[in-house]
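Here the structure is laid out as structure tokens; the discussion comes afterwards.
Each reported figure results from applying straightforward, stated rules to the coordinates on display, with no laboratory input. Source: prediction; values computed, not measured. Glycine also receives a Cβ, built like all others from the backbone with ideal geometry; neighbour counts cover every protein chain displayed.
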């Protein structure tokens, strides 16, 4: 699968996808979804529930920035 720029296309709302971005300046990948309310990206990490506003033209420096996404791969065969 190929990464899709958030500037080109956004995923379906409330559908889990794989995201790529930067958190405190470091690259990270997570399973996330774009929520309906206020268009927030939401995911879980070691700190608990996290999210970042999905306004990609926001002028304020953000701690997290989501730049790419892709659909989740299919689970392994035989896994239910």
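Listed by Cβ neighbour count within 10 Å, with the fewest neighbours leading, 9, 65 appear as 9, 65. Look at 19, 29 and count the other Cβ atoms within 10 Å of each Cβ; fewest to most, that gives 29, 19.
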